[in-house]
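The values are calculated or read from the model by the stated rules, or taken from the named source; none is laboratory data. Keep in mind that this is a model prediction, so the values were computed, not measured. Counting neighbours? That spans all protein chains shown, and the Cβs are built from the backbone with ideal geometry, glycine included.
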Amino acid sequence: MKNAVRKGAGLAVMIPVVLASLCVWCVPRAAAGDTTYSSVALTGVVSSEAEGPMEGVVVKAKRVGGTITISVVSDDHGRYAFPADRLKPGEYTLTVRAAGYDAPKSTVTVAGDPATADLKLNKVATFALAEQLMPVEWMMSAPPPAKSSISLDDCASCHNLNVVFKSNYDVEGWMTTLVRMRNYERGATFTHPTLNPYQTPQRPGDDEFATYLASINLSAKPWNFELKSLPRPKGRATKVIYSEFDLPRSDAEPHDAVIDSEGMIWYSDFNQPIFGRLDPRTGETKEWNLPVTRPGVAPGSLNVAMDRQGHFWIARKFQAGVAEFDPKTEKITAYSLPPEDVNPRTLTTFVAAGGNATVCFDDTGNRRIYFLDPATGKITGYDAYPGWKFDRETERGSDGMPHSMYGVSVSSKGWCYWSDLANRNIGEIDPATGKTTLYPTPTPMSGPRRENITADDQIWFGENHISAQKIAVFDTKTKQFKEWEDRPVEPYDAILDKSGHVWTGGEPTDFVTRLDPKTGEMVNYLLPTVNANIRRVFVDNFTVPPSMLVGENHRAKIVLVQPLE
């Protein structure tokens with residue numbers, strides 16, 4: 001049945017960005033702290049009275065009036081260096097990231113000769129440290145809850161945990177707040193406070209959760225626990241350079257960011273019906289309004305996928321369908337689910353495009369998989385878990401187990417795969433028959449999340465449950481798994497780059513991981529901005545070595561992470 005709504009490109013808004021002329025494609029051949037490199041633009045030593053020279057401090061340089069921040073990390077002698085091909089002549093503001101420390105805001109002029117700026121860091125007070133902590137560091141700091149079923153992970157998905165810990169709600173206030181928060185959709189912001197299409201009342205266990213939250217915030221007394229932070233980067237983790245791009249809207253939420261064959265970055269907005277393009281060579285952005293096909297519900301998007309024709313596919317979340325964007329014509333085509341399949345729980349979160357023109361997407365709210373034929377607009381749907389019925393009250397199914405869907409991919413033969421986030425399975429469905437098969441991961445209740453499939457049909461994904469925290473791969477031919485533990489990152493997604501390394505990141509930390517699957521060696525790089533909220537990860541295979549690309553969902557930024565070895 002064809003149920004496609006075809007619309008034009010809508011309002012396209014061109015947003016010029018004034019910024020430094022920064023070359024983000026040139027690759028320095030020396031480590032960030034190696035000032036013997038012949039073309040250094042800016043160098044110096046980071047130190048403090050408490051530690052002397054400091055390793056692992058992220059030093060950030062942003063041109064005055066610009067929107068691109070270039071960052072490097074100090075070495076074991078406290079020395080940092082910016083290669084000349086990353087900082088063109090001009091005036092730059094210098095800031096740092098080092099938990100427990102801060103430096104006076106300073107500016108430096110970069111001219112023809114290498115500039116020098118030594119940075120003396122000062123210890124910060126408790127409330128200043130609270131602004132520097134990642135969600136996982138708050139969870140490390142707070143007294144553990146009495147029950148393992150109580151977790152702050154879900155709170156950190158929508159905002160930084162300092163909001164929770166600095167609040168003044170008592171138990172009664174938290175009981176009201178828990179219901180209110182649960183009924184805003186996950187992309188909601190203060191400027192766009194969008195609600196779910198359905199409302200959820202209080203749940204069993206809310207009183208215990210509220211009691212715990214009131215015991216760790218400021219409702220009755222100051223914090224009676226020490227604020228803890230993870231160690232700063234060391235060794236190989238300091239050999240990295242970051243290019244961070246501000247998006248034109250301060251409340252932008254770049255959930256997914258991908259890079260095309262011409263080196264352009266494309267991104268979806270988690271809250272608003274906007275699809276955007278960023279040119280990393282210039283910083284210029286352009287955004288298009290996506291058609292709203294289901295008025296009155298949250299209009300944001302989630303997953304972005306590319307097909308072999310260079311078209312982009314966007315999962316429209318509560319809009320109950322997907323959109324196709326042709327970058328050459330700027331035409332947007334919206335495909336909507338059949339009306340009889342749409343209900344308040346409908347949530348189309350992920351879409352994948354296969355090499356044989358197969359387009360697969362999900363309705364995770366109703367546990368269904370759909371196949372779309374772009375040539376005809378025909379949409380065919382199947383139950384992902386045939387015969388399984390979901391009980392909203394117990395959050396369990398007729399088999400006594402939870403199941404969900406969070407990530408899809410399409411193999412070379414056109415079969416669709418999905419991640420069972422609430423359980424431990426990779427699901428497989430044959431589009432010809434609708435037959436589904438579940439393949440359980442070796443780790444129980446691992447929480448498979450997101451997927452990136454390779455040309456030889458290997459699916460890389462994150463095992464996101466807090467008890468698992470692993471990078472994993474599933475061979476669709478042999479049906480075998482392999483796993484690598486990665487704590488405390490809580491891998492949200494995983495992708496293989498052209499050098500054979502695998503990248504991942506997760507919501508509770510600002511660390512991204514590069515894994516060598518041949519040796520098992522991992523390097524964790526610390527992003528420049530606190531509370532980035534990492535979700536989708538992608539790779540830029542244009543640089544040597546390849547870089548990782550991620551949207552900073554809570555910070556309206558996109559960042560490229562390039563190791564220097």
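Which members of the range 366-378 meet the condition of being in a loop (DSSP other than H, G, I, E, B) and of a type in the set (Lys, Arg)? Before the answer, list the steps.
At the first step, the residues of the range 366-378 found to be in a loop (DSSP other than H, G, I, E, B) are 366-367, 374-377.
Selection gives ARG367 alone.
Just the residues that are of a type outside the set (Ser, Thr, Tyr) and either touching a residue at least 40 places away in the same chain (Cβ under 8 Å) or touching an Asp or Glu at 6+ places or on another chain (Cβ under 7 Å) (or both), please, taken from the range 176-189.
Scanning the range 176-189 gives LEU178, GLU185, ARG186, GLY187, ALA188.
Please enumerate the residues belonging to the range 123-148 that are part of a helix (DSSP H, G or I) and touching a helix residue (DSSP H, G or I) at 6+ places or on another chain (Cβ under 7 Å).
Of everything in the range 123-148, those that are part of a helix (DSSP H, G or I) and touching a helix residue (DSSP H, G or I) at 6+ places or on another chain (Cβ under 7 Å) turn out to be ALA130, PRO135, TRP138.
Residues in the range 363-384: is at least one within 26 Å of ARG182 (Cα to Cα), among the aromatic types (Phe, Trp, Tyr) and in the same structural domain as HIS311 (by TED's automatic domain parsing)?
Looking through the range 363-384, none of the residues is within 26 Å of ARG182 (Cα to Cα), among the aromatic types (Phe, Trp, Tyr) and in the same structural domain as HIS311 (by TED's automatic domain parsing).
To keep it simple, each residue is scored yes or no on (1) closer than 30 Å to TYR169 by Cβ; (2) among the charged types (D, E, K, R); (3) outside the structural domain of THR43 (by TED's automatic domain parsing).
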{"position": "GLN202", "(1), (2), (3)": "yes, no, yes"}
{"position": "PRO233", "(1), (2), (3)": "no, no, yes"}
{"position": "LEU278", "(1), (2), (3)": "no, no, yes"}
{"position": "GLU284", "(1), (2), (3)": "no, yes, yes"}
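Can you find, within the range 92-114, the residue that is modelled with the highest pLDDT among those that are out of contact with any helix residue (DSSP H, G or I) (no Cβ under 9 Å at 6 or more places or on another chain) and part of a loop (DSSP other than H, G, I, E, B)?
Here the answer is ALA98.
Just to check your reading of the model, which residue among SER446, SER404, SER419, SER409 is more than 15 Å from THR349 (Cα to Cα) and either surrounded by 22 or more Cβ atoms within 10 Å (Cβ to Cβ) or among the polar types (S, T, N, Q) (or both)? Don't jump to the end; show me each part of the working.
Values: SER404 fails: more than 15 Å from THR349 (Cα to Cα); SER419 fails: more than 15 Å from THR349 (Cα to Cα); SER409 fails: more than 15 Å from THR349 (Cα to Cα).
Checking each option against the conditions leaves just SER446.
Do we have ALA432 as of a type in the set (Gly, Ala, Ser), surrounded by 22 or more Cβ atoms within 10 Å (Cβ to Cβ) and either under 25 Å from ASP456 (Cβ atoms) or in contact with a helix residue (DSSP H, G or I) (Cβ under 9 Å, 6 or more places away or on another chain) (or both) here?
No: the conditions fail for ALA432.
Among the basic types (Lys, Arg), touching a helix residue (DSSP H, G or I) at 6+ places or on another chain (Cβ under 7 Å) and surrounded by fewer than 19 Cβ atoms within 10 Å (Cβ to Cβ): does that describe LYS120?
No, not satisfied.
Tell me whether the range 243-265 contains one or more residues that are in contact with a helix residue (DSSP H, G or I) (Cβ under 9 Å, 6 or more places away or on another chain), at pLDDT 95 or above and not in a loop (DSSP other than H, G, I, E, B). Talk me through it step by step, then tell me what you get.
Pass one, the range 243-265, residues in contact with a helix residue (DSSP H, G or I) (Cβ under 9 Å, 6 or more places away or on another chain): none.
Scanning the range 243-265, I find no residue that is in contact with a helix residue (DSSP H, G or I) (Cβ under 9 Å, 6 or more places away or on another chain), at pLDDT 95 or above and not in a loop (DSSP other than H, G, I, E, B), so the answer is no.
Of all the residues that make up the range 61-78, how many are farther than 22 Å from PRO280 by Cβ and crowded, with 21+ Cβ neighbours inside 10 Å?
The qualifying residues number 3.
Residue pairs, Cβ under 8 Å, 6 or more apart or interchain, first in the range 367-382 and farther than 24 Å from LEU438 by Cβ, second buried (at least 22 other Cβ atoms within 10 Å of the Cβ) and hydroxyl-bearing (Ser, Thr, Tyr). List them.
GLY377/TYR335
If you check VAL72 against the conditions, is it closer than 21 Å to ASN524 by Cβ, not in a loop (DSSP other than H, G, I, E, B) and not acidic (Asp, Glu)?
Judged against the criteria, VAL72 is a match.
Going residue by residue through the range 346-367, is there one that turns out to be under 17 Å from ARG294 (Cβ atoms) and surrounded by fewer than 17 Cβ atoms within 10 Å (Cβ to Cβ)?
There is no residue in the range 346-367 that is under 17 Å from ARG294 (Cβ atoms) and surrounded by fewer than 17 Cβ atoms within 10 Å (Cβ to Cβ).
Would you be able to say whether some residue in the range 276-287 is β-branched (Val, Ile, Thr), farther than 19 Å from VAL561 by Cβ, surrounded by fewer than 17 Cβ atoms within 10 Å (Cβ to Cβ) and in contact (Cβ under 8 Å) with a residue 60 or more places away in the chain?
So far as the range 276-287 goes, yes, one or more of its residues are β-branched (Val, Ile, Thr), farther than 19 Å from VAL561 by Cβ, surrounded by fewer than 17 Cβ atoms within 10 Å (Cβ to Cβ) and in contact (Cβ under 8 Å) with a residue 60 or more places away in the chain.
Considering only residues that are crowded, with 18+ Cβ neighbours inside 10 Å and over 14 Å from THR107 (Cα atoms), which ones fall in the range 42-60?
Selection gives VAL45, VAL46, SER47, SER48, MET54, GLU55, GLY56, VAL57, VAL58.
Would you check if there is a residue in the range 462-473 being more than 24 Å from GLY355 (Cβ to Cβ) and in contact (Cβ under 8 Å) with a residue 60 or more places away in the chain?
Scanning the range 462-473, I find at least one residue that is more than 24 Å from GLY355 (Cβ to Cβ) and in contact (Cβ under 8 Å) with a residue 60 or more places away in the chain, so the answer is yes.
Would you pick out the residues in the range 379-409 that are in a strand (DSSP E or B) and over 21 Å from the mean Cα position of the chain (by Cα)?
Of the range 379-409, the ones in a strand (DSSP E or B) are 379-383, 390-391, 396-397, 408-409.
Passing the criteria: ILE379, THR380, GLY381, TYR382, ASP383, PHE390, ASP391, ARG396, GLY397.
Taking the residues in the range 213-240 that are touching a Pro at 6+ places or on another chain (Cβ under 8 Å) and under 14 Å from SER141 (Cα atoms) as candidates, determine which candidate is surrounded by the most Cβ atoms within 10 Å (Cβ to Cβ).
ILE216
Please specify each residue of the range 159-185 satisfying the condition of being under 28 Å from the mean Cα position of the chain (by Cα), surrounded by fewer than 18 Cβ atoms within 10 Å (Cβ to Cβ) and not aromatic (Phe, Trp, Tyr).
If the condition is that a residue be under 28 Å from the mean Cα position of the chain (by Cα), surrounded by fewer than 18 Cβ atoms within 10 Å (Cβ to Cβ) and not aromatic (Phe, Trp, Tyr), then HIS159, VAL163, LYS166, SER167, THR177, VAL179, ARG180, MET181, ARG182, ASN183 are the ones that fit.
Kindly list the number of the only condition in (1) surrounded by fewer than 24 Cβ atoms within 10 Å (Cβ to Cβ); (2) part of a loop (DSSP other than H, G, I, E, B) that fails for PRO508.
For PRO508, the failing item is (1).
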